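For reference, the structure is listed below as structure tokens.
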2 protein chains.
Amino acid sequence: MDRVIRIGMLGCGTVGGGVATILDREAEDITARTGARIELTRIAVRDVGRDRALPVDDGVFTDDPWSVVEADDVDLVVEVMGGRELAGPLLRRALELGKPVVTANKELVAHEGPELFAAARHAGVDLAYEAAVAGAIPIIKPMKESLAGDRVRRVVGILNGTTNYILTRMTEEGAAYADVLAEAQALGYAEADPTADVGGHDAAAKCAILASLAFDTPVHADDVFTQGIETVTDTDIRVADRLGYVIKLLGIASEVDGRVGVRVHPAFLPKAHPLASVRGSFNAVYVEAAAAGALMFYGRGAGAEPTGSAVVGDVIDVARNLLQTARGAAESQHRAKDLRSIDELRTQYYVLLDVEDSPGVLAEVATTFGDHGVSIAEVWQQGTGDSAQLVLITHRATEAALRATADALAAVPTVRSVASVLRVEAEVFDQ
Amino acid sequence: MDRVIRIGMLGCGTVGGGVATILDREAEDITARTGARIELTRIAVRDVGRDRALPVDDGVFTDDPWSVVEADDVDLVVEVMGGRELAGPLLRRALELGKPVVTANKELVAHEGPELFAAARHAGVDLAYEAAVAGAIPIIKPMKESLAGDRVRRVVGILNGTTNYILTRMTEEGAAYADVLAEAQALGYAEADPTADVGGHDAAAKCAILASLAFDTPVHADDVFTQGIETVTDTDIRVADRLGYVIKLLGIASEVDGRVGVRVHPAFLPKAHPLASVRGSFNAVYVEAAAAGALMFYGRGAGAEPTGSAVVGDVIDVARNLLQTARGAAESQHRAKDLRSIDELRTQYYVLLDVEDSPGVLAEVATTFGDHGVSIAEVWQQGTGDSAQLVLITHRATEAALRATADALAAVPTVRSVASVLRVEAEVFDQ
């Protein structure tokens, strides 16, 4: 077998190192499965001189990423550099040159997906991005190909490993948010600036990509209603547990009457739900489809080799297509469906109030809920004196009504503060 | 768009009905995603006259399956008739004619896979069988394509919905095996002759297919060590629960030092394992890969529309390839690795003994284990008098040593009977 597919790789950090390692270690099987040898011929890095201890020739490194994209001896471009400013123009140039692209860049796909897909379609080449969402988990390909004959109704994902790790430790050890975060930072599980993770922005980018794919409509990362886990307290987690729930940072995308809603926020999730048992830094994506019913895909969302495995899977796919002058399934021509605002969301809510320990409180609080048309499913008081609290779970209500209720509660004299408000995702799941 | 791919379908029972329904309901999206209309032009059935209430013209039905395979107006053959005697020759003929095939037939693929893959390779056409394993769950395609650059180490699956339903009800309600089975039969969840399900044979066929794919070697259904759930008692389930386990019927395939072991049997599984929370009739496949780490795929393993969704996903894939005169990833040329016998298995065991309620029993039993080199991890006595029992969990031992121990225990005078022996799959899973 003499055929060779030559890879130009942009970036060689954690994921790039994983890609190089896997391509070397599994070279024999990859050749057998592809029908051609896959060779890393050029790699663009910032610092050419650094010792990377990778199984590649030093000669492949360059600090000029444009030369990688333009090179005659590069058939396929792999982008693992991240960011948008440089990666975007580089990938557009690769596609313009008719070179297929494999990228792990969620930020780029979430912000510029439609333009990139159009460029790939125009050039008649593949643009694959399995590694951009949920690391090692095959989710893009199953959604795009295996479910091509089905209709996705809802996607619910645990899409960020750092936050799931923090919430798992808070749940299982009763630890406080700040303590677990500090420890995760010390161990390198969380970034020094953890905003992208704990603020939900990383999950929002991935959720935008999943929503675009599931509902055939362009969803931009900025379209996603996003709340982080910074305000989740150990009290919230204890209350959830007592009621039969766990708290997870969920990315939820659904289509109702042709309109698409996409949101990322911490939520109460019933313990019996398959996503509830996704622990630690694992990710999972739960998909409800009209014909297939409920599906879940679970695995590692990050890391050199897990993400590298997804990149290499894409490379083999795209290489096989190159050899046959074929293309994989393209993104659908998006239909630009309307987006639903978070204000229209109807769900259940958990509300925690710090209150005065006096007989009239519950009546005042209940009246306030009633005044705004929000009905109460469950209520109890915990603590006494200065630490008296009311826990309430509502029936389904709109986000707008709940927000008005919370504002009004803050003005009730016997309510010292609205300590927490979280959504409760307790709809009957298909199981 | 004028292009049409014409489907000839063999069989029109539950799954065939699902396929016809989905192709009709999602026709518009399917056309957009395929780049061609998909048309059901011929359907072979036993009784042409039966009213099927399906969205297809009566004129497409015929009782001659050969005419469907041979017809000039059939580009792609979908086989949902099941069985091997007729389906095998029909599919070989279709491939001989250069027609790609989509099949949901686990029995056929598990027994004749290598021959069929060779015929497809020879003809240069696709043979897709996503629906043959775990119904709606995309598992064949992720294993074959997404993990093409990775190395699978172990596959553990809950591959039969009927047995998982029975075990779940026994676990959650404390019900007895026979009662749950009888009720499942009355409700139509279990067949009148449940042997294929409860005896583990259905799971064994699926496990053989997964093992072949995971380890690039032909594994025949008859190569799979197979034990059913018929002898699992409510006592076993209570003991498992007390020790932190659930009992599941697992299909386990692994490669150790280039040799492949494949087995299906009920086993103790730690409650924290992701497979432990797969309840009711759901299926799931847990995959450990060198680079990707642990992955799990979860969903419905049977039913008209779930299985139909997988068939239609394959049809769209194969149709897209037809339009591009390309092929999907073919099965690897199998390397025919050696198979490991069950005798070589090293795992932990749970042993339940009915014993005499006398002081010397434990010493005698412990001596018997020790004589065979099997060490005990945990032991306790439950019940008194005539219902005295000893529960033992061993450390890892070989199957051969455990079997010799069990035989010797049966001959110990104070042991009235060896009531249960089950494998304990408690190895540290990657999570």
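For the residues of B:324-330, the average number of beta carbons from a partner chain within 10 Å of their own beta carbon is 5. Using +1 at the C-beta of Lys and Arg and -1 at the C-beta of Asp and Glu, which of B:80, B:211, B:228 has the Cα lying farthest in the positive direction of the dipole of chain B? Highest projection toward the positive end goes to B:211.
By the scheme Lys and Arg +1, Asp and Glu -1, what is the net charge of all other residues having a beta-carbon under 15 Å from that of residue B:375? All intermediate terms of the calculation are to be shown ahead of the outcome.
Working: positive: B:346, B:396; negative: B:371, B:378.
So the surrounding residues net to 0.
Chain A residue nearest the axis that carries A onto B, by Cβ, with distance in whole Å, is A:326, 2.
What is the sum of charges around residue A:197, taking Lys and Arg as +1, Asp and Glu as -1, for the other residues whose C-beta is under 15 Å from the C-beta of residue A:197? Please report the intermediate quantities before stating the final value.
Numbers: positive: A:106, A:169, A:206, A:248; negative: A:107, A:183, A:191, A:193, A:202, A:230.
Here the charged neighbours net out to -2.
Highest GNM mean-square fluctuation among A:302, A:214, A:406, for chain A modelled with Cα contacts below 10 Å: A:406. Residues whose amide H lies under 5 Å from that of residue B:128, counting only those 5 or more places away or on a different chain, are B:101, B:102, B:103; hydrogens are built 1.01 Å from N in the peptide plane. Between 0 and 90 degrees, the angle of helix B:201-215 with respect to the longest Cα principal axis of chain B falls at about 80 degrees.
Pull out the extension gain between residue B:185 and residue B:51, defined as 0.36 nm times the separation in residues minus the alpha carbon to alpha carbon distance; nm, one decimal.
Details: separation 134, 0.36 × 134 = 48.24 nm, distance 2.59 nm.
Here the answer is 45.6 nm.
Over all other residues within a Cβ to Cβ distance under 9 Å of residue B:391, the charged ones net out to 0, with Lys and Arg as +1 and Asp and Glu as -1. Extension gain, residue B:411 to residue B:259: 0.36 nm times the residue separation minus the Cα-Cα distance gives 51.2 nm. With label points set 7 Å from Cα along Cα→Cβ, the inter-copy distances at residue A:84 are 5.7 nm, sorted shortest first.
Report the Cα centroid-to-centroid distance between the stretch B:36-96 and the stretch B:369-414 in angstrom, as an integer. When both Cα centres are located, 56 Å separates them. Over what distance in Å are the Cα centres of the stretch A:244-298 and the stretch A:128-165 separated? Cα centroid to Cα centroid, the span is 11 Å. The residues A:72, A:386, when put in order of fewest to most other Cβ atoms within 10 Å, stand as A:72, A:386. With the label put 7 angstrom out from Cα along the Cα-to-Cβ vector, residue B:234 ends up 4.1 nm from the copy partners, going from closest to farthest.
Considering Cα pairs under 8 angstrom that are at least six residues apart, work out the relative contact order of the stretch A:342-424 and quote it in whole percent. Each step should come with its number before you reach the end.
On the way: 161 pairs, mean separation 40.0, N = 83.
Relative contact order for the stretch A:342-424 comes out at 48 percent.
About its Cα centre, the dipole of the protein assembly as shown is roughly 780 debye, where the only charges are +1 on Lys and Arg Cβ and -1 on Asp and Glu Cβ.
Quick one: which of A:373-380, B:292-299 comes out on top by average Cβ neighbours within 10 Å, and what's the full order, highest first? Walk me through the intermediate numbers first.
On the way: A:373-380: 14.0, B:292-299: 26.2.
Top to bottom by mean Cβ count within 10 Å: B:292-299, A:373-380.
Within the listed set B:56, B:78, B:262, the residue fluctuating most in the Gaussian network model of chain B (springs between alpha-carbon atoms under 10 angstrom) is B:56.
Work out the mean other chain Cβ neighbour count within 10 Å for the residues of B:285-291 and drop it here as an integer.
Values: counts 0, 2, 3, 0, 5, 5, 19.
Across B:285-291, the average partner-chain Cβ count within 10 Å equals 5.
Across chain A, Cα pairs under 8 Å and at least six residues apart give a relative contact order of 16 percent. Each residue of the stretch B:357-365 is assigned a 3J(HN,Hα), and the resulting list reads 7, 9, x, x, 4, 4, 4, 5, 5 Hz, derived from the Karplus form 6.51 cos²θ - 1.76 cosθ + 1.60 (θ = phi - 60°), x at Gly and Pro.
Compared with the dominant Cα axis of chain A, that is its longest principal axis, helix A:161-173 is turned about 40°. Note on the stretch B:342-424: with charges restricted to the Cβ of Lys and Arg (+1) and Asp and Glu (-1), its dipole about the Cα centre is near 240 debye. Across the stretch B:275-431, Cα pairs under 8 Å and at least six residues apart give a relative contact order of 24 percent. Taking the fewest neighbouring Cβ atoms within 10 Å as the starting point, the ordered list for B:331, B:172 is B:172, B:331. Considering only A:324, A:381, A:185, the mean-square fluctuation computed in a Gaussian network model of chain A, springs between alpha carbons under 10 angstrom, is largest for A:324.
Residues in the stretch B:118-135 carry Karplus couplings, in order, of 5, 5, 5, 4, 4, 7, x, 10, 7, 10, 10, 8, 3, 6, 6, 10, 6, x Hz; the curve used is 6.51 cos²θ - 1.76 cosθ + 1.60 with θ = phi - 60°, and Gly or Pro positions show x. Working from Cα positions, state the angle (0 to 90°, nearest 10) between the long axis of helix B:14-25 and the longest principal axis of chain B. In chain B, helix B:14-25 runs at an angle near 50 degrees to the longest axis. If only the Cβ of Lys and Arg carry +1 and only the Cβ of Asp and Glu carry -1, the dipole of chain A around its Cα centre is close to 1040 debye.
Database remark: amide H of residue A:377 closer than 5 angstrom to the amide H of A:393, A:394, A:395 (H placed geometrically; neighbours at sequence offset of 5 or more, or on other chains; Pro and chain starts carry no H).
Amide H contacts of residue B:7: B:39, B:40, B:41, B:42, B:75, each under 5 Å away and 5 or more positions distant or on a separate chain (H built 1.01 Å from N in the peptide plane; Pro and chain starts excluded).
Placing a label point 7 Å from the Cα of residue A:324 along the Cα-to-Cβ direction, the distances to the matching points in the other copies come to 0.7 nm, shortest first.
Need one word for the protein assembly as shown: rounded, prolate or oblate. Basis is the Cα gyration tensor (sqrt eigenvalues a ≥ b ≥ c); a/c below 1.5 gives rounded, then a/b vs b/c decides.
Rounded.
Computed from the coordinates by the stated procedures, all read-outs in this text should not be read as laboratory data. The structure displayed is predicted, hence computed values, not measured ones. Cβ atoms come from the backbone with ideal geometry, glycine included; neighbour counts cover every protein chain shown.
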